[in-house]
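See structure below.
The values are calculated or read from the model by the stated rules, or taken from the named source; none is laboratory data. The structure displayed is predicted, hence computed values, not measured ones. Here the Cβ positions follow ideal geometry from the backbone for every residue, glycine too, while neighbour counts run over all protein chains shown. SASA here: full protein model, heavy atoms, side chains in, ligands and nucleic acids out. Shrake-Rupley method; radii C 1.70, N 1.55, O 1.52, S 1.80 Å.
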Amino acid sequence: MGVVIDNDRCSIARALAVLGERWSLQVVRDVFNGLQRFEDLREHLGIARNVLSNRLAGLVDAGLLERVPYREFGSRQRHEYRLTAAGRELWPVLVTLMDWGDRHLADGPPPVEPEHVGCGGKVSMVPVCAHGHVLTEPQRELGLRLSS
């Protein structure tokens, strides 16, 4: 039998409490892709204003986004949303989810493929241990050790 982790201490359960609501990861994705203003996010996602407001507030409260004021000439002050360091650390999660979705849920070629700007090579997430060993069969090669 595998290691059983109490949900109160489980890092996956804690992460899903922040990111598991519908739209949350899509908002993070869009901010990664340069959409930082409320109206741009709302229009691109096709999401209700109140839902987007709630998701943005939750992501700000969780420390993944920050609100930055701006003012266009002749308009009132508004806010842009920018990723914090913690928010930027989610990029491997997004790339991994995209890769999985491309392999298992796509009904054609992937809509986008992440590539390294320096050389043009396709980017993918590969599980590697601290000693540099690539895990090709994680179910067999990955062990969990309870921390104290």
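The table below gives the values:
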| item | result |
| --- | --- |
| Which numbered condition SER124 fails, given (1) closer than 20 Å to SER11 by Cα; (2) touching a helix residue (DSSP H, G or I) at 6+ places or on another chain (Cβ under 6 Å) | (1) |
| Tally, over region 22-46, of residues that are part of a helix (DSSP H, G or I) and either in contact with a His (Cβ under 8 Å, 6 or more places away or on another chain) or under 20 Å from GLU72 (Cβ atoms) (or both) | 9 |
| Qualifying residue in region 47-69 (condition: open to solvent by 30 Å² or more (accessible area, probe 1.4 Å), in a loop (DSSP other than H, G, I, E, B), within 26 Å of LEU144 (Cα to Cα) and out of contact with any helix residue (DSSP H, G or I) (no Cβ under 7 Å at 6 or more places or on another chain)) | no |
| Only one of LEU97, LEU146 that is among the hydrophobic types (A, V, I, L, M, F, W, C), touching a residue at least 40 places away in the same chain (Cβ under 8 Å), at negative phi and in a loop (DSSP other than H, G, I, E, B) | LEU146 |
| Residue in region 99-111 that is within 29 Å of PHE38 (Cβ to Cβ) and modelled with pLDDT under 90 present | yes |
| Which numbered condition VAL31 fails, given (1) under 14 Å from LEU94 (Cβ atoms); (2) of a type in the set (Val, Ile, Thr); (3) surrounded by fewer than 11 Cβ atoms within 10 Å (Cβ to Cβ) | (3) |
| Residue check, GLY118 under 20 Å from SER24 (Cβ atoms), small (Gly, Ala, Ser) and in a loop (DSSP other than H, G, I, E, B) | no |
| Residues of region 79-92 satisfying the condition of being surrounded by 14 or more Cβ atoms within 10 Å (Cβ to Cβ) and in contact (Cβ under 8 Å) with a residue 40 or more places away in the chain | HIS79, GLU80, TYR81, LEU83, GLY87, LEU90, TRP91 |
